[in-house]
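First comes the structure, then the notes that go with it.
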Amino acid sequence: MKSFFNILLIVLLLSSFFNCKKNISNKTESDNKWKSLFNGENLDDWIVKINGYELHDNHLNTFRVENGSIKVSYDQYDNFTDEFGHLFYKTPFTNYRLKLEYRFLGKQVNGGQAWAEKNSGIMIHSQAPETMLLNQGFPLSLEFQLLGGVENGVQRPSGNLCTPATHVEMKGEKITEHCIMAESKTYYGEEWIEAEVIVDENSITHFIDGELAISYSKPSIGGEYLDSASEDIQAKDGEALTKGYISLQSESHPIEFRKIQILEL
């Protein structure tokens, strides 16, 4: 009889353990759900900052929503004169997975720089939009650079890293170059492409269409373009960069973004 009760007790304990584990697993699964940052209808929850214009001034309707996508358009521009823009999501993030789809469309607006043709970006760990100066082309951030092929046969990979007012480490070494090229393919057409970034503590990894593009760690404040930021930002030179805002860039070539989702870790 004693043996029977011992077996019964073990069965009950195991049942309780697995039920508890199942509940924890279900809770984790329900807590960690992808969240849409873009509602497909308007720019609610997003903040515009365009170089040379006040915060919230969507100069010449540069950022707009059409057919369920955020569109960067220059159809109201006669000429582009350094109106680099950024569309910020309203809240900052720390550790997360972000994914979206993008595609370049049409031709670059008159006045755009040659390097900016089929060139845009997703800025992460960015400074707050309200801290940008009136005349500040780029926020302090890490740029997930989006590129498209311009000339057939000439490689122009997407998913690169650019570092406006920031530094990173790769393989234990501090990198001070402004742009570091990724190991990914070149896209020449107007197809939709998936971009994803995983931000986990100090490690950040870019993916293009599910393929690893580039990985780096330990981002910090400093380097090129820091002198164009406010004195408060400049005073943080050398500090670790562990969180910030997400923004979508406008650099003179029309581009669309859709299916913008985040999974906080």
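Throughout, read-outs are computed from the coordinates displayed, never taken from laboratory work. All values reported here derive from a predicted model rather than from experimental measurement. Glycine gets a Cβ as well: all are built from the backbone with ideal geometry, and neighbour counts include every protein chain shown.
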Taking only pairs that are 8 or more places apart or on different chains, how many Lys pairs in the range 35-264 have Cα atoms under 16 angstrom apart? 16
What ³J(HN,Hα) values, in whole Hz, does the Karplus curve 6.51 cos²θ - 1.76 cosθ + 1.60 give for the range 67-82 when θ = phi - 60°, with x put for Gly and Pro? 6, x, 10, 7, 10, 9, 10, 10, 6, 9, 8, 8, 7, 8, 10, 6
Taking Cα atoms only, helix 2-31 is inclined relative to the longest principal axis of the chain by an angle, in degrees rounded to 10, of 10 degrees
FRET efficiency for Leu105 and Lys243 from the Cβ-Cβ distance with R0 = 45 Å, rounded to 0.05, comes out at 0.90
Cα atoms only: what Rg and Dmax, in Å, come out for the range 99-183? 14.3, 42
Expected sort for 215-224, 140-149 on mean C-beta neighbours within 10 Å, highest first, is 140-149, 215-224
Derived scalar couplings ³J(HN,Hα) [the range 128-145; Karplus, 6.51 cos²θ - 1.76 cosθ + 1.60; whole Hz; x for Gly, Pro]: 5, x, 6, 8, 6, 6, 4, 9, 9, x, 9, x, 4, 5, 10, 9, 7, 6
How much mean residue ellipticity at 222 nm does the chain get from its helices, if each DSSP H run of length 4 or more adds -39500 (n - 2.57) and you divide by all residues, to the nearest 500 deg cm²/dmol? -4500 deg cm²/dmol
Counting only C-alpha contacts under 8 Å and six or more residues apart, can you give the relative contact order of the chain as a whole percent? 28 percent
Name the residues whose placed amide hydrogens come within less than 5 Å of the amide hydrogen of Ile175, ignoring near sequence neighbours (fewer than 5 apart) on the same chain. Val168, Glu169, Met170
With a 10 Å cut-off between alpha carbons and a GNM built on the chain, which of Asn110, Asn202, Asn119 moves the most? Asn110
